Amino acid sequence: MDYRNLVAIDTHTHLEVSCRNPFDNYGEEYDRAADKYFRSSRRPTMDETIAYYREKKIGFVNFTVDAETQMGRRRIPNEEIAEAALANSDIMIAFGSIDPHKGKMGAREARKLIEEYGVKGFKFHPTVQGFEPQDRMAWPIYEVINEYQLPAVFHSGHSGIGSGMRCGGGLRLQNSNPMLLEDVAIAFPDIQIIIAHPSWPWQDEAISLAMHKPNIWIDLSGWSPKYFPPQLVQYANTLLKDRILFGSDYPLITPDRWMKDFEEAGFKPEVKPGILKDNAVRLLGLDQPAA
């Protein structure tokens, strides 16, 4: 990624529609509930996403969520995202997503994505994927990520997916309590763990974990900054300023909206460059010579 020519790096964006595989409408009721919750049904293609970020001169990390076991919906191929990143490496980085229920087969896939496709990290969503992060079922995949010293981003807190559905669509919010990441952070110290989103209703737990474990980061995606809990802004301005990351959750929130609200959310001028770009440069090793 040519970070020197970018105004920011968005560390949290989603691809929600494939141009390679036909749309799988199984479980489409989750989409309709999410449309209502987020007040948006926009799902841009990979090409549309790249064009948008290139125009804005914002680098971005992109991924999907493999939740085939719990949701029953065919995933978007990791390769589709990885190949787009290889072809647009000045602006884009690919993270993989592998359903933790796939165990050793998932670990084999993770290694292939890293070695053959240049994937630079991984995304997990404990609520949607139906697992608790510390479950040994996921250990084989973590072992590969730890071996290559790559970051892993974990959804935390409330989830708009399933919100308003009968029984919340059967999805468990408790799986996304950030304190469940503590065992992972201890067992795999070479994984840089990113707690995604303001972690309501467990914001203090996320801050405490990041204060205690130096391989824990927090991204600010999924919420407009004007709604951030005050303690999150306080620690982002002070003790955690070097491990706070800009993320939008695009396409649910656009960088335009996020960055506009960020300017008015009480962040100190001296910490803004780190949050918007410099911390991500360090996390992703963009300032290091290529291996």
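No value in this document is a laboratory result; all are computed from the given coordinates. None of these values were measured; they are calculated from a predicted model. Glycine gets a Cβ as well: all are built from the backbone with ideal geometry, and neighbour counts include every protein chain shown.
List of remarks:
- Dividing the summed helix terms, -39500 (n - 2.57) for each DSSP H run of n ≥ 4, by the number of residues in the chain produces a 222 nm estimate of -9500 deg cm²/dmol to the nearest 500.
- Taking all Cα pairs closer than 8 Å and separated by 6 or more residues, the relative contact order of the chain comes to 18 percent.
- Which listed pairs, of 112/213; 57/268; 56/112; 112/277; 36/120; 123/213, have C-alpha distances above 27 Å, in listed order: 112/213; 56/112; 112/277; 36/120
- Dipole magnitude of region 121-229 about its Cα centre (Cβ charges: Lys, Arg +1; Asp, Glu -1), debye to nearest 20: 440
- Region 170-187 residues near the modelled residue 242 label - backbone nitrogen below 18 Å, point 7 Å along Cα→Cβ: none
- Remark: C-alpha extents of region 3-283 on the principal axes read 45, 42, 40 Å, sorted largest to smallest.
- For region 231-243, 3J(HN,Hα) computed residue by residue from phi via the Karplus equation (6.51, -1.76, 1.60; θ = phi - 60°) reads 5, 5, 4, 4, 6, 5, 7, 10, 5, 10, 4, 8, 10 Hz, glycine and proline entered as x.
- Positive-end residue, region 16-113 charge dipole about Cα centroid, Cβ charges, pick of 110, 72, 27: 110
- In terms of the mean number of neighbouring beta-carbon atoms within 10 Å, the peptides 213-221, 171-179, 260-268 order highest first as 213-221, 171-179, 260-268.
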